[in-house]
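The values are calculated or read from the model by the stated rules, or taken from the named source; none is laboratory data. What you see is a predicted model, and the numbers here were worked out from it, not measured in a lab. Reconstructed Cβ throughout: ideal geometry from the backbone, glycine too, with neighbour counts over all protein chains shown. Please note that ligands, DNA and RNA were not included when accessible areas were found on the heavy atoms of the full protein model with its side chains. Shrake-Rupley method; radii C 1.70, N 1.55, O 1.52, S 1.80 Å.
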Amino acid sequence: MSKLQASIGLINPKSPTNVGGVLRAAGCYDAKQVFFTGNRYLNAQKFHTDTKNVVQRIPLTATDNLASIKPQGAKVVVIELIEGATPLPEFTHPENALYVFGPEDGSVPKDVLKWCDEVVYIPTIGCMNLAATCNVVLYDRLAKLGGIQSSDETIISSRDTNNKMKWQKSFR
């Protein structure tokens with residue numbers, strides 16, 4: 001079993017599309033669980049945007065308090081555009097982490113910042129949406145820590161069933 005353990009905490013997400021995108025990212029980048037606070041997602045979940053049905057293998061759990069569900073031994077890493085935060089390219093990911101993402105239309109509350117271990121931001125021009133941010137952070141984590149083999153076998157097991165393409169220099 002891998003020593004790498006990543007969990008995701010979402011603060012009052014409003015968009016079922018973004019939660020579906022977060023679930024897909026969790027599946028692609030080996031996150032173990034996704035937690036969320038607030039009621040906005042519950043009110044909109046009927047739109048079912050988890051197109052790969054990741055929720056069947058990665059739990060999506062409502063909670064009143066992300067601090068109470070922090071996995072044992074995990075470092076809490078808040079992802080937010082906050083002055084003084086560490087840029088993602090310079091960040092060293094912990095092996096066991098709970099990544100906390102704020103709402104699409106607000107910021108991570110100060111009371112959450114009091115119990116987090118790190119605050120990281122993604123240097124961009126403008127801000128990304130929740131699902132895009134989660135994808136970038138989880139990809140960066142696996143790229144830096146390993147955990148996914150770079151091989152044709154990985155491509156074959158990851159791609160859509162309608163994709164059977166092979167790259168050949170003769171395509172040029």
Which pairs in the list 75/166; 14/114; 3/114; 32/110 are over 29 Å apart, alpha-carbon to alpha-carbon? 75/166
Which peptide among 31-38, 67-74, 90-97 comes first, and what is the full order, when sorted by highest mean count of other Cβ atoms within 10 Å? 31-38, 90-97, 67-74
Hey, what's the stretch 59-147 come to in accessible area per residue, 1.4 Å probe, Å²? 53
Taking placed amide H atoms and a strict 5 Å upper bound, the residues 5 or more places from residue 9 or on another chain that come that close are 35, 99, 100, 101
